[in-house]
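**Q** Quick one: structure below, then a few questions.
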Amino acid sequence: MKIGILGGSFDPIHNGHLHMAVKAHEEYELDEVWLIPAGHSPNKDEGKMTKAKDRLAMCRLAADSYSFLKVSDIEMVSAERSYTYRTIQKLKESYPDDEWYFIMGADSLDYFDQWRHPEIICSLAHILVVNRDEFQDEDLKKKIAAIRQLFPADIQIVHCEKYPISSHEIREKLLNEEEVSGWISQEVLCYIKEHDLYRS
């Protein structure tokens, strides 16, 4: 199977995340896209993140409406830091016959070479870069060419309209009791209210 991987803190998961997954699925005919909420993130203060079980539950609720979307807790059950290369290594070892596609935002290409072992990521997975109207295609192609000069990589562009919202903005709106129903699924919103998340 062709399986896409979309990782993130998903705190909370919103329609912009789902839009990226849908566009990658459609443009590259992926059989599945796996949402992988971060466990011990190297780039986030875990003390300020919502509990793993809640982020995982929200991802599962959001994925339920899409037959191709799956949710993996591979990073959450690990005691190690959640580095992408480690996650892909584990997935490749567990499912050696599947073809893996790592989905990332175009803005991340600027510092992709500074990630932990980007060469391992590129050796084990195709890279799908979601261009949410942030860059001209020609500029993005130049960035991709620069990465390919550093190490062999199969990097392709996913064309995706920009979704003007972030998890941070949604948390701020929830804290201020503002309307967010247009940005997150009704199921996720119900979970947030039921478990009194993002209120303080």
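**Q** Tally time: how many residues in region 102-135 are in a helix (DSSP H, G or I), at pLDDT below 95 and touching a strand residue (DSSP E or B) at 6+ places or on another chain (Cβ under 7 Å)?
**A** 2
**Q** Among the residues of region 174-186, is there at least one that is assigned to a helix (DSSP H, G or I) and of a type in the set (D, E, K, R)?
**A** No - not one qualifying residue is present in region 174-186.
**Q** Next question. Restricting region 80-98 to residues that are among the charged types (D, E, K, R) and in a loop (DSSP other than H, G, I, E, B), which is modelled with the lowest pLDDT? Walk me through how you get there before you give the answer.
**A** Going through region 80-98, the residues among the charged types (D, E, K, R) turn out to be 80-81, 86, 90, 92-93, 97-98.
Narrowing further to those that are in a loop (DSSP other than H, G, I, E, B): 80, 97-98.
Details: GLU80: 84, ASP97: 97, ASP98: 98.
Result: GLU80.
**Q** Restricting to region 50-76, and then to whatever is among the polar types (S, T, N, Q) and without any contact (Cβ under 8 Å) to a residue 40 or more places away in the chain, can you tell me which residue is nearest to HIS25 (Cα to Cα)?
**A** SER67
**Q** Ok, one more. Kindly list, by first and then second residue, each pair from a residue in region 95-117 that is farther than 21 Å from VAL33 by Cβ to a residue that is of a type in the set (Ser, Thr, Tyr), limited to pairs with Cβ atoms under 7 Å and residues at least 6 apart or on different chains.
**A** Taking only residues 6 or more apart or on different chains, the pairs are ARG116/TYR83; ARG116/TYR85; HIS117/TYR85.
**Q** Go through region 97-122 residue by residue and tally those that are of a type outside the set (Val, Ile, Thr) and within 24 Å of GLU29 (Cβ to Cβ).
**A** Qualifying residue count, region 97-122: 12.
**Q** Return yes when ASP154 is at pLDDT 95 or above and over 21 Å from PRO37 (Cα atoms) and no when it is not.
**A** On the way: at pLDDT 95 or above: yes; over 21 Å from PRO37 (Cα atoms): yes.
The answer is yes for ASP154.
Residue-by-condition table, conditions (1) surrounded by 16 or more Cβ atoms within 10 Å (Cβ to Cβ); (2) under 19 Å from the mean Cα position of the chain (by Cα):
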site	(1), (2)
ASP54	yes, yes
LEU61	yes, yes
LEU69	yes, yes
LYS90	no, yes
LEU109	yes, yes
TRP115	yes, yes
ARG132	yes, yes
PHE151	no, no
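**Q** Could you please let me know if SER65 is surrounded by fewer than 20 Cβ atoms within 10 Å (Cβ to Cβ), closer than 18 Å to LEU189 by Cβ, in contact with a helix residue (DSSP H, G or I) (Cβ under 9 Å, 6 or more places away or on another chain) and among the small types (Gly, Ala, Ser)?
**A** yes
**Q** Closer than 21 Å to ASP54 by Cα and either in contact with a strand residue (DSSP E or B) (Cβ under 8 Å, 6 or more places away or on another chain) or of a type in the set (A, V, I, L, M) (or both): is that true of LEU189 in this structure? Steps first, answer last, please.
**A** Numbers: closer than 21 Å to ASP54 by Cα: yes; either in contact with a strand residue (DSSP E or B) (Cβ under 8 Å, 6 or more places away or on another chain) or of a type in the set (A, V, I, L, M) (or both): yes.
Criteria met by LEU189.
**Q** OK, next. Of everything in region 57-72, what is outside any helix (DSSP H, G or I) and out of contact with any Leu (no Cβ under 8 Å at 6 or more places or on another chain)? Give them in sequence order.
**A** Of everything in region 57-72, those that are outside any helix (DSSP H, G or I) and out of contact with any Leu (no Cβ under 8 Å at 6 or more places or on another chain) turn out to be ASP64, SER65, SER67.
**Q** Another one. Can you name the condition, by its number, that LYS23 falls short on among (1) out of contact with any helix residue (DSSP H, G or I) (no Cβ under 9 Å at 6 or more places or on another chain); (2) part of a loop (DSSP other than H, G, I, E, B)?
**A** All conditions pass for LYS23, except number (2).
**Q** For region 36-50, does any single residue satisfy the condition of being of a type in the set (Gly, Ala, Ser), touching a Leu at 6+ places or on another chain (Cβ under 9 Å) and more than 25 Å from GLU161 (Cβ to Cβ)?
**A** no
**Q** Would you call GLU29 part of a helix (DSSP H, G or I) and surrounded by fewer than 16 Cβ atoms within 10 Å (Cβ to Cβ)?
**A** no
The values are calculated or read from the model by the stated rules, or taken from the named source; none is laboratory data. Since we're looking at a predicted model, the values are computed, not measured. Heads up, the Cβs are rebuilt from the backbone with ideal geometry, glycines too, and the neighbour counts pull from every protein chain shown.
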